[in-house]
1. At what distance in angstrom do the alpha carbon centres of the stretch B:35-70 and the stretch B:103-120 lie from each other?
2. Summing both sides, how much accessible area is buried between A and B? Use a 1.4 Å probe and give Å² to the nearest 100.
3. Pull out a ≥ b ≥ c, the square roots of the eigenvalues of the alpha-carbon gyration tensor of the stretch B:1-56, then state rounded if a/c is under 1.5, prolate if not and a/b is larger than b/c, and oblate in the remaining case.
4. Quick one: plug the Kirkwood hydrodynamic radius of chain A (C-alpha pairs) into Stokes-Einstein at 4 °C, 1.567 mPa s, and report D in µm²/s.
5. Would you kindly find the accessible area of A:K92, with a 1.4 Å probe and non-protein molecules such as ligands, DNA and RNA excluded, rounding to the nearest 10 Å²?
6. Taking the Cβ-Cβ separation of B:D135 and B:T184 as r and a Förster radius of 35 Å, what is the calculated FRET efficiency to the nearest 0.05?
7. What's the carbon and sulfur percent of the stretch A:71-176's accessible surface, probe 1.4 angstrom, rounded to a whole number?
8. Per-residue Cβ counts within 10 Å, from other chains only, averaged over B:149-159: what number is that?
Number of protein chains: 2
Amino acid sequence: MTGNINKQTRIQGINRSIILDAALEVFSAYGFRGSTIDQIAEKAGMSKPNLLYYFPRKDDIYVTVLEKTLEDWLAPFKDIDPAGDPVAELRKYTIQKLKMSAQQPERSQLFANEILHGAPSIQKFLKSNLKRLVDEKADVIADWIAAGKLAPVDPYHLIFMIWATTQHYADFDVQVRAILPEETAKADFFDKAADSILTILLNGIMPR
Amino acid sequence: MTGNINKQTRIQGINRSIILDAALEVFSAYGFRGSTIDQIAEKAGMSKPNLLYYFPRKDDIYVTVLEKTLEDWLAPFKDIDPAGDPVAELRKYTIQKLKMSAQQPERSQLFANEILHGAPSIQKFLKSNLKRLVDEKADVIADWIAAGKLAPVDPYHLIFMIWATTQHYADFDVQVRAILPEETAKADFFDKAADSILTILLNGIMPR
DNA sequence: CTACATTTTGACCATTCAGTCAAGTTTTTG
DNA sequence: CAAAAACTTGACTGAATGGTCAAAATGTAG
């Protein structure tokens, strides 16, 4: 008895990773229902039955990609430091989220699609893990406010506002590009967006 | 030759409207690919062939619902008055958008889903009509800034920020409810959200 | 090198679903 | 009220798609 239930062979490691990369691209572009196993298999460069050898159900691939995405996605949020300077911490977090939206819009889009359709696969995660984490960070912000370091605003709505604003550039990318065609092509587009957002946001919560 | 190409009979008027209502519900919940004509027909209380008698293709229903949604959705944006007080105008607009998110989340969700998946049906609309409208309102905001009535911020990013923040409460409703279960049930939830958002936003753009 | 385990795939099946069609029912019109 | 127009639907079709299976190919451990 080896007991190595989770042991992966060399080939398994490689192929699972290839599949998950392909799946992220496909699912984020077309949503769960709009994506086909054939599409993912083609992008991954293997036959459909071969893909199903690694992930027996379409849903298995989807859930795995989604879980990986959530981890990455929340990392910078976890990093908000209660001991740091409030404005600096929120600036850092906002910039990090914006960077992620610019560099990995697929992850944001995958998540947005899941939530938009009622979060069928991550309801529990939202209500347990995510809620706990947000409650914790909302407390941190509340403490900052109590210490007079931020204007009195509802911490939860402030968090939502940062999420909404930053993720907008990934999720509504097509719309942003339709309205600012020349701007989005420029190298400094990201900096300008960050600058505008941070100006409004940070002035908005600066203690008066 | 009567030439009444667009003439609708009494029954057509009734049924098209019933179908579009049903379609909004279904498409907003499941997206285009995730929705079936049978679902819409059932919700509309008629047989599938009957529904297809009014809208020969699934895409016809979808595009029609989407176009109606866009009209409603942009109405308050068009109403932003260049002659009004800047802060008052933006407050009014933000509140209206928030109200729409609360009262008609389906419309916001339908639109979000369309954009999220690359706006296959409304690319042209975004690049022509919407762009023109946004350019126009961005000019208004730029004038307000030039007159010293608002802090100097990029008008486009300010508009995106208002859109993102307000629509978040419709599009990410499931997430908001997962994190604020008790809050969302309260009657004054809407007012509190509006208050928090407006505090940050308006303080953020108040001239200094 | 050989025996065993792992990986790969063509062919196939069952279901779902957009859309058709012909025949029947209801509404409108003169 | 009769004829025409408009409306309604059960039964069907073909394509797409998630998933199966058995056999072949490849990799690996001893």
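The values are calculated or read from the model by the stated rules, or taken from the named source; none is laboratory data. Keep in mind it's a predicted model, so treat the numbers as computed, not measured. Every residue, glycine among them, receives a Cβ derived from its backbone with ideal geometry; neighbour counts consider all protein chains shown. For the accessible areas, the whole protein counts, side chains as well, though only heavy atoms, and no ligand, DNA or RNA atoms are used. Shrake-Rupley method; radii C 1.70, N 1.55, O 1.52, S 1.80 Å.
1. Their Cα centres are 17 Å away from one another.
2. Counting both chains, the buried surface is close to 4800 Å².
3. Prolate, because a/c is 1.5 or more and a/b exceeds b/c.
4. Answer, rounded: 67 µm²/s.
5. Here the residue's solvent-accessible area equals roughly 100 Å².
6. The formula returns an efficiency of 0.45 here.
7. 50
8. The mean count of partner-chain Cβ atoms within 10 Å per residue comes to 4.
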